[in-house]
Amino acid sequence: MPRKRFVIKGLLFWYLSLSIPTYGQIVINLPQANITSRSVYTATLASGTYSSLISLIPSIEVRANSANFANTVGGSSTLPLNIAHIRLRSIGSLSLLGLSAEVTLNTSYGLLYAALASISSGAVTADYRITTASQTWVAGIYRTPINFRTGLIFPNQITPTTPNLDINVPGFIAPQTTLPALSLPVNNLSFFRNSTGINASGNIAVSTTVPYLLNLQTTGTQFSFSTSSTYNQVPTTSVGLVSSTLSNIATATPITLSTSSQPLTAASGIAVPLNNNQTLTANFSITGNNLKTGFVQAGTYSVPFTYTWSKLTSAYPNGALQAQRNGSLQVVVSDLSELVALQPSVSLVFDDVTDYRQGITRDLTQHLRISKTTPYSLYVRASAANFSGSGGQIPVNILRIGAASGQTGINTVSLSTTPQQLINNANPVIDRTLDIRYSILNTAVSQLLGKPAGTYSTTVIYSFTAL
């Protein structure tokens, strides 16, 4: 009987010595770099204390006590248990590497360590491996209680038995480091004539764990200008002639450029993208009319701009979260020119005596159309010294060419094989039309007398150069 009482007291003493200490959370701080690169992250963390029983050869198991990782900072997002994988690293001074099995976390117990040898008491450390590739990570603190047990022995020899396992997903917005200069090459006159004008797009890679707004602003109200071409004056071109949008975002709201920071999306912003990485397609456009308004002079028009990414205020974490990137927009206008005679054939007909007495005048409305993205002069000449026909020749200098009634800015000259200047150093223009007068004065009619009836012709050449 005394021996029996001694044993009972010993057992009572042993149980009382196993008070369960309190430990903090097991917290995995998932790095931004692993989310962005979709790479595996492993954290080695203290996971409690093992208290050895004499001659006990334990098996150690672990499970989750909830169906998923729940977000503890608001929102309904969750994380699946199977993104977490646990392996024992050591207990006390005993390394378990090579002896411990990795368990993919779920609600059933998984065996971490099979009973191979007795283990002394000590701190428990474990490797927590998080697979990121299959998950879209939304910023938050995700938690599940986990349960360690040493087989079916009671009491459990690892304390605390049900610590909370937290995965801390950081809030971040990470656009690509640098943005390339975006260029709109205006290298064809059709851009000026088309109502849609010209547009160009550039891609911006972004990684994020938070929904966000994207704003755009320029650093100046006007484009700076440089050119190697001739010019009469430096153009003053407003940035407001350019529009921008995100062409691959359904909630995008087009804007006209301004020094004010303007949202490119609706107030709902842009959601966290699938797999946390996305490419934004930023589009810039200038209508044909706006090209004519501000970009007629050949040269390079440049303006710096800034994109600002801002976390939606309703999203975790609290407080502001922003990222900015600077870029630049260039509109490169080539030296373009076009000169078209819209009525390629002109006839002056002497029908009766009145024509011979008074001479003949013929006005052609919108006879010439000029487009030139540098200052220009306009010349005219004949290909030969005479009109030629079946009845002989007539000198070309009887023909005068100049401004039709109501047309200004054009000289009147007598036709010659030497180029005669009709317009001097006019400003760049797109699709300017000229009303031209062809005339033979009565003072020159004497050179027609005695010529046989017939058609006498020559080629009249208009050009931008005196050649």
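The values are calculated or read from the model by the stated rules, or taken from the named source; none is laboratory data. Since this is a predicted model, take the numbers as computed values, not measurements. Glycine gets a Cβ as well: all are built from the backbone with ideal geometry, and neighbour counts include every protein chain shown. Just the protein is used for accessible areas: all its heavy atoms, side chains included, with ligands, DNA and RNA removed. Shrake-Rupley method; radii C 1.70, N 1.55, O 1.52, S 1.80 Å.
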Subset of the stretch 417-465, residues part of a loop (DSSP other than H, G, I, E, B), farther than 23 Å from S334 by Cβ and either in contact with a strand residue (DSSP E or B) (Cβ under 6 Å, 6 or more places away or on another chain) or among the aliphatic types (A, V, I, L, M) (or both), comes to T417, P419, L448, L449, A453, G454, T455, Y456, T458
Does the stretch 65-85 include one or more residues that are under 22 Å from A315 (Cα atoms) and among the aromatic types (F, W, Y)?
yes
Output for Cβ contacts, cut-off 7 Å, separation at least six or different chains, first residue under 27 Å from V380 (Cα atoms) and in contact (Cβ under 8 Å) with a residue 24 or more places away in the chain in the stretch 315-339, second charged (D, E, K, R) and open to solvent by less than 50 Å² (accessible area, probe 1.4 Å), reads S337/K372
Q. Among the residues of the stretch 323-331, is there at least one that is open to solvent by 50 Å² or more (accessible area, probe 1.4 Å) and of a type in the set (S, T, Y)?
A. no
Taking the stretch 122-134 and keeping only residues that are open to solvent by less than 70 Å² (accessible area, probe 1.4 Å), of a type outside the set (D, E, K, R) and either at pLDDT below 95 or out of contact with any helix residue (DSSP H, G or I) (no Cβ under 7 Å at 6 or more places or on another chain) (or both), one is left with G122, A123, V124, T125, A126, Y128, A133
Condition set of a type in the set (V, I, T) and modelled with pLDDT under 90, scope the stretch 40-59, selection nearest to I146 (Cα to Cα): answer is I57
- Task: Take F154 and decide whether it is part of a loop (DSSP other than H, G, I, E, B), hydrophobic (A, V, I, L, M, F, W, C) and at pLDDT below 95.
- Result: yes
Is at least one residue of the stretch 396-406 more than 30 Å from S224 (Cα to Cα), open to solvent by 40 Å² or more (accessible area, probe 1.4 Å) and assigned to a helix (DSSP H, G or I)?
yes
Looking for something surrounded by fewer than 17 Cβ atoms within 10 Å (Cβ to Cβ), of a type outside the set (K, R), touching a His at 6+ places or on another chain (Cβ under 9 Å) and at pLDDT 90 or above - is there at least one such residue anywhere in the stretch 64-77? no
- Out of curiosity, is V186 farther than 30 Å from A298 by Cα, β-branched (V, I, T) and open to solvent by less than 30 Å² (accessible area, probe 1.4 Å)? no
Condition set surrounded by 15 or more Cβ atoms within 10 Å (Cβ to Cβ) and at pLDDT 95 or above, scope the stretch 446-460, selection nearest to V396 (Cα to Cα): answer is T458
In the stretch 182-210, residues that are among the aliphatic types (A, V, I, L, M) and in a loop (DSSP other than H, G, I, E, B) total 2
Given the conditions (1) modelled with pLDDT of 95 or more; (2) more than 47 Å from the chain's Cα centre (by Cα); (3) more than 17 Å from V340 (Cα to Cα), every one holds for L422 apart from (3)
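Residues are listed down the side, and each one gets a yes or a no for (1) touching a residue at least 60 places away in the same chain (Cβ under 8 Å); (2) out of contact with any Phe, Trp or Tyr (no Cβ under 7 Å at 6 or more places or on another chain); (3) not acidic (D, E):
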| site | (1), (2), (3) |
| --- | --- |
| T218 | yes, no, yes |
| T227 | yes, yes, yes |
| N232 | yes, yes, yes |
| L241 | no, yes, yes |
| I249 | no, yes, yes |
| I255 | no, yes, yes |
Flagged pairs (Cβ under 9 angstrom, 6 or more apart or on separate chains; first in the stretch 281-293, aliphatic (A, V, I, L, M); second surrounded by fewer than 17 Cβ atoms within 10 Å (Cβ to Cβ) and not in a helix (DSSP H, G or I)) are A282/S201; A282/G202; A282/N203; A282/S247
Counted residues in the stretch 157-175 being more than 15 Å from S47 (Cβ to Cβ), part of a strand (DSSP E or B) and open to solvent by less than 40 Å² (accessible area, probe 1.4 Å) come to 4
By my count, strands (runs of 3 or more DSSP E) wholly in the stretch 46-145 with at least 1 residues that are in contact (Cβ under 8 Å) with a residue 60 or more places away in the chain are 60-64, 68-71, 78-80, 84-91, 122-130
Picking from R369, R357, the residue that is surrounded by fewer than 19 Cβ atoms within 10 Å (Cβ to Cβ), at pLDDT 95 or above and of a type outside the set (G, A, S) would be R369
Scanning the stretch 32-58 for residues that are open to solvent by less than 70 Å² (accessible area, probe 1.4 Å), within 24 Å of N156 (Cβ to Cβ) and either in contact with a strand residue (DSSP E or B) (Cβ under 6 Å, 6 or more places away or on another chain) or not small (G, A, S) (or both) gives A43, L45, S47, G48, T49, Y50, L53, L56, P58
Of the residues in the stretch 344-354 that are surrounded by 10 or more Cβ atoms within 10 Å (Cβ to Cβ) and over 22 Å from L434 (Cα atoms), the one that is farthest from the chain's Cα centre (by Cα) is T354
